[in-house]
Amino acid sequence: MAVSAYPCRDADREARSVRCAGARPRALVRAVAAGSPADDAGFEPGCYVTSVGGLPVRDLIDWRWLTADDAVELGYVDLDGDAGTVELVREPGEEWGFEFDGVVFDGVRQCRNACTFCFMRQLPDGARPSLTLRDDDYRLSFLSGTFVTFTNLDADDEARIVEQRISPLRCSLHASDPDVRRDMIGRHAQHGIDALERLLEAGIEFHAQIVLVPGQNDGAVLVDTLEWAYARPGILDVCIVPLGFTKHQNAFDRSFDSSEAARAVIDLVEPYRRRALAERGSMWAFPADEFYARAFGPALLDNLPSAETYGDFGMFEDGVGIIRSFVDDWRAAEDAGSVERAARALRAAGARIRYVTGEATLHFLEPLVAQSPLSGLFEPLFVKNDYFGGNVDVTGLLCGCDIARAVRALRGSSAGRVRELFVVPRIVFNDDAVTLDDMSLEDMEKRAGAPLYVVSCNASDYLLEIIDLVGRIAQAPDRTNGSYYAR
Ligand code: SF4
């Protein structure tokens, strides 16, 4: 499954690598480093690598495994479609010089589950195919950090994982109780748990995820699941994320939304964190940021776990520690003087920033700004996610249509007293520079009726970009449209 029950931006790239089952794998060369062994051998973008030492290359793991030596024989197909083999040699420590398109070359493994909470089944009609791709591929788990169920592993897969030490992997655990797990993810649930147990026995390690669904795997079921996981030291840590649901379904209408419900989860997990800290030196169990935001609301900044408790922030992509990281980055920007300098620049230019953000940032971004010199000069524009609806409120899932609507409603509201600058964090765009609803920046600007400026996601970066932006606009005050990408 994709990360955190939400669509993963990597899916856009990997969706292109879905190929016919049974087709002989081949790795499309996207770029070749100048002067590298690949370059010397005549490889060019558009060629394919088809084998190493006569063995197929199914994915990047195979590639790394099979090319560990400093002399290899590669099978290829060139730009004319001609096949052949070539010897490559490199100096010790030298890279081969290939950049491939994607990380799996024989097609992404599809999911065979029927999770009640699957986000991909809750998308609006017309969502682009890469968003509806329901992958469940252990290679992507290792290479890209997606969580998988192991319900589609066969004996060869397990043997390969052990032989190539494909570890740690990320496991969608959800519940240790077989009946609850079956109810949640479908009839192959036990196959996945059995595979997990065998791989643990063989020394493979795991990061586990629990998508917490009210009334299904919370409360006593969660206690049992945490006990089960803690008893297996190969499960390195566990994150607990709340069910995400959209308006395009009718099975769910709540997900630990109240302060009491969110607090109950934190309180239930806390003893495991303390025990793990004492016995293993890390917190081990990590409730996602949403639980803290909902539990503490306006008092969030006073109740957020410290950076130290997040260790290496290994669950960051799953929504664990993002708020702490953002807050600490903002404080660092204050210490470095960037907040003060941005305030001075905006005041001098008679400008005000409207910073597009998801409603999930309300309880930390608003107080940070209000307590800073940017108060009144930098105003978060909390955009309601109407495209997905439900409880989807993070910035990374904002869509172009909602951003454009929010900007359009505000543009010109300052009646000429100050110049409003609408800035959008880059995270709302994928690698192809379109939003989740396939809008480009230019599309959004047209619909919003105002120029939009794309900036980085961290305050320490985007405040410097805003200072630069204000300076540029001061030099070209007549600029009324067009797009500006911060460096
Ligand atoms: S059905 Fe379950 S495992 Fe499959 S993609 Fe959806 S959430 Fe992931």
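The values are calculated or read from the model by the stated rules, or taken from the named source; none is laboratory data. All values reported here derive from a predicted model rather than from experimental measurement. Cβ atoms come from the backbone with ideal geometry, glycine included; neighbour counts cover every protein chain shown.
Numbers below:
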| read-out | value |
| --- | --- |
| Scan of the range 251-275 for residues that are closer than 21 Å to Ala229 by Cβ and surrounded by fewer than 18 Cβ atoms within 10 Å (Cβ to Cβ), ordered by number | Ala264, Asp267, Glu270, Pro271, Arg274, Arg275 |
| Any chance Asp312 is modelled with pLDDT under 95, over 16 Å from Gln209 (Cα atoms), charged (D, E, K, R) and over 21 Å from the mean Cα position of the chain (by Cα) | no |
| Residues satisfying the stated conditions in the range 206-229, i.e. under 18 Å from Gly314 (Cα atoms) and not β-branched (Val, Ile, Thr) | Phe206, His207, Ala208, Gln209, Ala229 |
| Residue within the range 304-324 that is over 30 Å from Gln475 (Cβ atoms) and assigned to a strand (DSSP E or B) present | no |
| Residue within the range 409-421 that is under 11 Å from Thr357 (Cβ atoms) and not hydroxyl-bearing (Ser, Thr, Tyr) present | no |
| Residue that is in a loop (DSSP other than H, G, I, E, B), at pLDDT 95 or above and more than 30 Å from Pro242 (Cβ to Cβ), where the choices are Glu94, Glu87 | Glu94 |
| Filter result (surrounded by 18 or more Cβ atoms within 10 Å (Cβ to Cβ) and either of a type in the set (Ser, Thr, Tyr) or outside the structural domain of Thr395 (by TED's automatic domain parsing) (or both)) within the range 405-455 | Thr435, Tyr453 |
| Residue list for the range 61-102, filter: surrounded by 18 or more Cβ atoms within 10 Å (Cβ to Cβ) and either within 15 Å of Arg30 (Cβ to Cβ) or in contact with a His (Cβ under 6 Å, 6 or more places away or on another chain) (or both) | Trp63, Tyr76, Trp96, Gly97, Phe98, Phe100, Gly102 |
| Test for Asp431: is it modelled with pLDDT under 95 and more than 18 Å from Val470 (Cβ to Cβ) | yes |
| Residues located in the range 137-180, provided they are under 18 Å from Arg232 (Cα atoms), within 16 Å of the ligand (Cβ to nearest atom) and free of Cβ contacts under 8 Å to residues at least 60 places away in the same chain | Phe150, Leu169, Arg170, His174, Ala175 |
| The range 93-124, subset out of contact with any helix residue (DSSP H, G or I) (no Cβ under 8 Å at 6 or more places or on another chain) and within 9 Å of the ligand (Cβ to nearest atom), residue farthest from Phe150 (Cα to Cα) | Arg121 |
| Number of the exception - Thr67 against (1) away from the ligand (no atom under 16 Å from the Cβ); (2) touching a helix residue (DSSP H, G or I) at 6+ places or on another chain (Cβ under 7 Å); (3) of a type in the set (Ser, Thr, Tyr) | (2) |
| Failed condition for Arg447, given (1) under 15 Å from Gly350 (Cβ atoms); (2) among the basic types (Lys, Arg); (3) at pLDDT 95 or above | (1) |
| Of all residues in the range 350-377 being buried (at least 19 other Cβ atoms within 10 Å of the Cβ), free of Cβ contacts under 8 Å to residues at least 60 places away in the same chain and not in a loop (DSSP other than H, G, I, E, B), the one that is farthest from the chain's Cα centre (by Cα) | Val369 |
| Those residues of the range 54-77 which are in a strand (DSSP E or B) and among the hydroxyl-bearing types (Ser, Thr, Tyr), in sequence order | Tyr76 |
| Qualifying positions in the range 288-312 - closer than 10 Å to His363 by Cβ and out of contact with any helix residue (DSSP H, G or I) (no Cβ under 7 Å at 6 or more places or on another chain) | Ala299 |
| The range 332-349 residues that are outside the structural domain of Ser372 (by TED's automatic domain parsing), paired with ones that are modelled with pLDDT of 95 or more (beta carbon under 8 Å, 6 or more apart) | none |
| Within the range 64-82, considering residues that are acidic (Asp, Glu) and over 34 Å from the mean Cα position of the chain (by Cα), the one farthest from Gln164 (Cα to Cα) | Asp80 |
| Checklist (1) assigned to a strand (DSSP E or B); (2) modelled with pLDDT under 95; (3) hydroxyl-bearing (Ser, Thr, Tyr) applied to Ser51, failing item | (2) |
